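One structure below.
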Amino acid sequence: MSILVGIETSCDETGIAVVKDGSQVLANVVSSQIDTHRLFGGVVPEIASRMHTEIISQLMKEALCEAGLPSNGKCPGIDGIAATFGPGLMGSLLVGLGFARAAACAWEIPFLPIHHIEGHLFSAFLGEKRPDFPYLALIVSGGHTQIIQCDTPHNYQILASTRDDAVGECFDKVARLLGLPYPGGPSIQEAAKTGSDTAYALPRGLSKKDTLDFSYSGLKTAVLYLLREKPDAPVPDVAASFQRAAVDALMLKTARAIKQSDIHRLVIAGGVAANKCLRESAERLDAELFLPPFVYCVDNGAMIAAAAHSRIEHNCSLPYDTPATASIPLSGIS
Ligand code: KG4
Ligand code: ZN
């Protein structure tokens, strides 16, 4: 039996979780900074790192209490502590890494650095079945849009990436154009409920090109021009048409990747994996699906602990002194 603490502070959520044997979540506490950043229309890095610093000790106590472990400062009987080392906002990453390393040092237990995207990937395995190898993963977050092939544990081959904006970033920017609150994904999903997804013809990025790569800047610009031309366009119709186009582009390239690789197991993870339109559309792909429960789609500590558990299991933990890194591909760490 192993009990790991996972800490996630790469962006605007402070997440701490206690996870048993890589999949059983004993505690998962997340403090979101969204209400603060919403006032600025997006994440302000300096504010983000300050807010992580202010809350992280209290959140650790809460997570330990929720898991039924002692929180008196002594080692709570855990086997290791994992934290995100990157990619993400440098100041925010340093808060989580520094805190986790200090706790590991004081409690004389291993410290396990984890790549944020590997964390997202493992969110699909929390409490659920796991795919056999090989499998594909569609990673859809605020900073990433990628298709990854995983043939053996912790070996990742990036088959496709976005050439410009990430899909979550595009949801956020289009929400802003529509006057909807940050983060844009949930706001657009809500607004789209009463709209028609065929109201406006919007581009599916790079759909005609012979590549698996994605592009979302054209879609964002198309919405900008649409709103300039038709300032009275009903928000639900624009939101629904946009959401359809964004999801279609993901499905098109993923279907192509499944066909080309002949791999019919697909993980979908990252904040945008919470999108209902995406989850429903993915059911029609020719693949067995592995989706994270809604609560683990956005950033959290449980996914970091789950990834760390697997790295320990496969004897490939990253070095203790892995530095905080703002930008690093998943393929660059294995
Ligand atoms: O994975 P995540 O929490 O943070 C990053 O690693 O970037 O993803 C955040 C992104 C934001 O862009 C947010 O708008 C998007 O996920 N998102 C959604 C939904 N919930 C969150 N996008 C579409 N539909 C949703 N329901
Ligand atoms: Zn994330």
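The values are calculated or read from the model by the stated rules, or taken from the named source; none is laboratory data. As the structure is a computational prediction, the values presented were derived from the model and not from experiment. Backbone-built Cβ (ideal geometry, glycine too); neighbour counts: all protein chains shown. Only protein heavy atoms, including side chains, enter the accessible area calculation; ligands, DNA and RNA are left aside. Shrake-Rupley method; radii C 1.70, N 1.55, O 1.52, S 1.80 Å.
Within region 159-215, work out how many residues are within 16 Å of ligand 2 (Cβ to nearest atom) and out of contact with any Asp or Glu (no Cβ under 8 Å at 6 or more places or on another chain).
Count: 9.
Of a type outside the set (A, V, I, L, M, F, W, C), more than 22 Å from the chain's Cα centre (by Cα) and either over 23 Å from residue 280 (Cβ atoms) or not assigned by TED's automatic domain parsing to the domain that holds residue 41 (or both): is that true of residue 193 in this structure?
Judged against the criteria, residue 193 is a match.
If residue 110 satisfies all but one of (1) open to solvent by less than 10 Å² (accessible area, probe 1.4 Å); (2) more than 16 Å from ligand 2 (Cβ to nearest atom), what's the number of the condition it fails?
Every condition holds for residue 110 apart from (1).
Is there any pair with a first residue in region 1-14 that is free of Cβ contacts under 8 Å to residues at least 40 places away in the same chain and a second that is more than 12 Å from ligand 1 (Cβ to nearest atom) and open to solvent by 10 Å² or more (accessible area, probe 1.4 Å) whose Cβ atoms are under 7 Å apart and which are 6 or more apart or on different chains, and what are they?
Final answer for the pair search is 1/20; 1/21.
Do you know which residues across region 1-25 are surrounded by fewer than 24 Cβ atoms within 10 Å (Cβ to Cβ) and either assigned to a strand (DSSP E or B) or within 16 Å of ligand 2 (Cβ to nearest atom) (or both)?
Result: 3, 13, 20, 24, 25.
Looking for something closer than 18 Å to residue 145 by Cβ, in a helix (DSSP H, G or I), among the aliphatic types (A, V, I, L, M) and within 16 Å of the chain's Cα centre (by Cα) - is there at least one such residue anywhere in region 274-288?
Checking region 274-288: at least one residue is closer than 18 Å to residue 145 by Cβ, in a helix (DSSP H, G or I), among the aliphatic types (A, V, I, L, M) and within 16 Å of the chain's Cα centre (by Cα).
Can you name the residue in region 252-272 that is open to solvent by 30 Å² or more (accessible area, probe 1.4 Å) and among the charged types (D, E, K, R) and is also nearest to ligand 2 (Cβ to nearest atom) among such residues?
Across region 252-272, the extreme among qualifying residues is 265.
Looking only at region 80-102, how many residues end up being surrounded by 21 or more Cβ atoms within 10 Å (Cβ to Cβ) and touching a helix residue (DSSP H, G or I) at 6+ places or on another chain (Cβ under 8 Å)?
Qualifying residue count, region 80-102: 14.
Which residues, counting only those in region 308-334, are hydrophobic (A, V, I, L, M, F, W, C), assigned to a helix (DSSP H, G or I) and open to solvent by less than 50 Å² (accessible area, probe 1.4 Å)?
308, 330
Would you say residue 180 is at pLDDT 95 or above, in a loop (DSSP other than H, G, I, E, B) and either in contact with a helix residue (DSSP H, G or I) (Cβ under 6 Å, 6 or more places away or on another chain) or not assigned by TED's automatic domain parsing to the domain that holds residue 317 (or both)?
In short, yes.
Could you please let me know if residue 330 is under 16 Å from residue 136 (Cβ atoms) and within 16 Å of ligand 2 (Cβ to nearest atom)?
It is true that residue 330 is under 16 Å from residue 136 (Cβ atoms) and within 16 Å of ligand 2 (Cβ to nearest atom).
Are any residues in region 26-49 in a strand (DSSP E or B) and of a type in the set (Ser, Thr, Tyr), and if so, which ones?
31, 32
Which number in (1) touching a residue at least 24 places away in the same chain (Cβ under 8 Å); (2) more than 22 Å from the chain's Cα centre (by Cα); (3) surrounded by 19 or more Cβ atoms within 10 Å (Cβ to Cβ) marks the one condition that residue 215 misses?
Among (1) touching a residue at least 24 places away in the same chain (Cβ under 8 Å); (2) more than 22 Å from the chain's Cα centre (by Cα); (3) surrounded by 19 or more Cβ atoms within 10 Å (Cβ to Cβ), the lone unmet condition for residue 215 is (2).
Among (1) assigned by TED's automatic domain parsing to the domain that holds residue 52; (2) not in a helix (DSSP H, G or I), where does residue 305 come up short?
Only one criterion in (1) assigned by TED's automatic domain parsing to the domain that holds residue 52; (2) not in a helix (DSSP H, G or I) is unmet by residue 305, namely (2).
Output the residues belonging to region 40-79 that are away from ligand 1 (no atom under 16 Å from the Cβ) and on the phi > 0 side of the Ramachandran plot.
The answer is 68, 73, 77.
Quick one: in region 58-79, of everything that is in a helix (DSSP H, G or I) and open to solvent by 60 Å² or more (accessible area, probe 1.4 Å), which residue is farthest from residue 143 (Cα to Cα)?
Across region 58-79, the extreme among qualifying residues is 65.
If you go through region 15-33 one residue at a time, how many are touching a residue at least 60 places away in the same chain (Cβ under 8 Å), more than 18 Å from residue 117 (Cβ to Cβ) and of a type in the set (Gly, Ala, Ser)?
Going through region 15-33 one residue at a time, the tally reaches 1.
Could you go through region 117-125 and let me know if any residue there is within 19 Å of residue 258 (Cα to Cα), among the small types (Gly, Ala, Ser), surrounded by 16 or more Cβ atoms within 10 Å (Cβ to Cβ) and touching a strand residue (DSSP E or B) at 6+ places or on another chain (Cβ under 6 Å).
Yes, region 117-125 has at least one match.
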